[in-house]
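The structure appears below as structure tokens.
The values are calculated or read from the model by the stated rules, or taken from the named source; none is laboratory data. Not measured: the values here are computed from a predicted model. Please note: Cβ atoms are built from the backbone with ideal geometry, for glycine as well, and neighbour counts cover all protein chains shown. Each accessible area value is taken on the protein alone, full model and side chains, heavy atoms only, with ligands, DNA and RNA left out. Shrake-Rupley method; radii C 1.70, N 1.55, O 1.52, S 1.80 Å.
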Amino acid sequence: MARPRKPLLSRERIVGTARALVDSEGLAAVSTRRLAAELGVSGPSLYNHFRTKDQILEAVADSVSAQVDLSMFEAADPRDWRTALHDWAVSYRAALTLHPNIVPVLASGPGRRPAGLRLADAVFGAMVDAGWPAAQATSIGALMRYFIMGSALGSFAGGFVDDEAAYDPADYPHLGQAHLLADRQQVIDERAFEAGLQALLDGLALQYEQVASRA
């Protein structure tokens, strides 16, 4: 009986395995030796696809960027610029929430990553098409990235321990309920993200009125 063939090594397999490692154990878990062991191949075979660990992490980051919905920025989509930004931000945060450990790599900017560049191009192009001057469209892309990345770097609610004794009212008179936050982490963080996003969009809408009045 013929022995079963090992699956062919490919960029997709390497990236998928590396992404799973980053998700479960963090960036430090990724090494060419560890990946080779996980894939059941020899270390040098990885170099046919990636020259360095950093290239692998860049590809993992780009695979997460590729999960972000960009359909709202297509010409045929009826959503206005504000709704499009909102829906894109929600999709972006959802992707980062699934893969929080890769956020530090994504936060460095798109670099040469194709999906990251497509994302930046879509946002900038949609804002310019909506009537924003190019300089302000660039600023919008930047501030949205700051806000979304920041929301994904850590949980506000998760930063409080569930020990009531940690919040002595003599020292922290306003944190009497802080020990309850961790149990409601997802709800609190999602609500905070939506509140911040709406406030940001409200501010942009006021600026847009000024842009329209000068046009």
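Label-to-label distance for Asp121 and Glu12 is 2.2 nm, based on points extended 7 Å past Cα in the beta-carbon direction. Rounded to the nearest Hz, the phi-derived 3J(HN,Hα) couplings of the range 74-83 under the Karplus curve 6.51 cos²θ - 1.76 cosθ + 1.60 (θ = phi - 60°) are 6, 4, 7, 6, x, 5, 6, 4, 5, 5, where x marks glycine and proline. Accessible surface calculations at 1.4 Å, restricted to protein heavy atoms, place the chain at 59 Å² per residue.
Assign one of three labels to the range 81-139, namely rounded, prolate or oblate, based on the Cα gyration tensor with a ≥ b ≥ c the square roots of its eigenvalues; rounded applies when a/c is under 1.5, prolate when it is not and a/b is larger than b/c, and oblate otherwise. Oblate. May I ask for the distance between the Cα centers of the range 43-68 and the range 79-157, given as a whole number of Å? That distance is 21 Å.
Taking each residue as 0.36 nm, the span from Arg191 to Thr83 lengthens on full extension beyond its C-alpha to C-alpha distance by 37.1 nm. Got a number for carbon plus sulfur as a percent of the chain's accessible area, 1.4 Å probe? Ligands and nucleic acids excluded, carbon and sulfur give 56 percent.
In this Cβ point-charge picture (+1 for Lys and Arg, -1 for Asp and Glu), the range 80-215 has a dipole of about 840 debye about its Cα centre. Averaging the sequence gap over all C-alpha pairs within less than 8 Å and six or more residues apart, then dividing by the number of residues, gives the range 92-213 a relative contact order of 22 percent. Dividing the convex hull volume of the alpha-carbon atoms in the chain by its residue count gives 190 Å³ per residue. Ranked by the mean number of other Cβ atoms within 10 Å per residue, highest first, peptides 51-57, 15-21 order as 15-21, 51-57.
Of the residues Ala94, Ser31, Phe156, the one whose Cα sits farthest toward the positive end of the charge dipole of the chain, with +1 on the Cβ of Lys and Arg and -1 on the Cβ of Asp and Glu, is Ser31. Of the residues Gln210, Leu143, Leu9, the one whose Cα sits farthest towards the positive end of the charge dipole of the chain is Leu9 (charges of +1 on Lys and Arg Cβ, -1 on Asp and Glu Cβ, taken about the Cα centre).
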